[in-house]
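The next block holds one structure in the form of structure tokens; read it before the comments.
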Amino acid sequence: MSINSFTAASRLLVACSIVASLGACASDQSVESSSSADTEQAVTYTATTEEAALIKSDQPLPPGPIVMYMNGLSCPLCATNIDQQVEKLPGVSDIKVDLSTGKVKANLTGPQTPSPKQLSTAADAAGVTLVKIAR
């Protein structure tokens, strides 16, 4: 086996491992355990009609701190994914993910800030669900 073939095979193996890990995390598949302390428990939020309507808005949010309530945010991989996805949006800084509460805090600054719909799309890309946004 040549070095190039080995490198390509290694990359494929790593890619498959990552996809498998993301799939298990995003679909909340967990291995049964004899102890409930061994399993990760995600916080589940619900939204009012008004809060659910806000998430669909295309209007940019005003600058300032926000708190995003997420469902499915239960493991370090999810936290890394949401951090990376939200960080890509213009005007978002100081992202802090709290796995114990399922909340993501961020600061919106500058002339361009994301809309709730953009934040929701970023959450979906990370494998979690944005339920509501608060100030």
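Among the conditions (1) surrounded by 17 or more Cβ atoms within 10 Å (Cβ to Cβ); (2) free of Cβ contacts under 8 Å to residues at least 24 places away in the same chain; (3) out of contact with any Pro (no Cβ under 7 Å at 6 or more places or on another chain), T80 misses just one, which is (1). Scoring S74 on the criteria (1) surrounded by fewer than 14 Cβ atoms within 10 Å (Cβ to Cβ); (2) out of contact with any strand residue (DSSP E or B) (no Cβ under 9 Å at 6 or more places or on another chain); (3) hydroxyl-bearing (S, T, Y) leaves a single failure, condition (1).
Rundown of residues vs (1) surrounded by 15 or more Cβ atoms within 10 Å (Cβ to Cβ); (2) touching a strand residue (DSSP E or B) at 6+ places or on another chain (Cβ under 8 Å); (3) within 17 Å of K132 (Cα to Cα), yes/no style:
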| residue | (1), (2), (3) |
| --- | --- |
| Y45 | yes, yes, yes |
| D58 | no, no, yes |
| L61 | yes, yes, yes |
| Y69 | yes, yes, yes |
| S93 | no, yes, no |
| V97 | yes, yes, yes |
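Per this entry, A125 is not counted among residues that are farther than 21 Å from K56 by Cα, within 14 Å of the chain's Cα centre (by Cα) and among the small types (G, A, S).
Bear in mind these aren't lab numbers, they're just calculated from the coordinates by the rules spelled out. Remember, it's a predicted structure, so these values are computed and weren't measured experimentally. Using ideal geometry, Cβ is built from the backbone for each residue, glycine included, and neighbour counts are taken over all protein chains shown.
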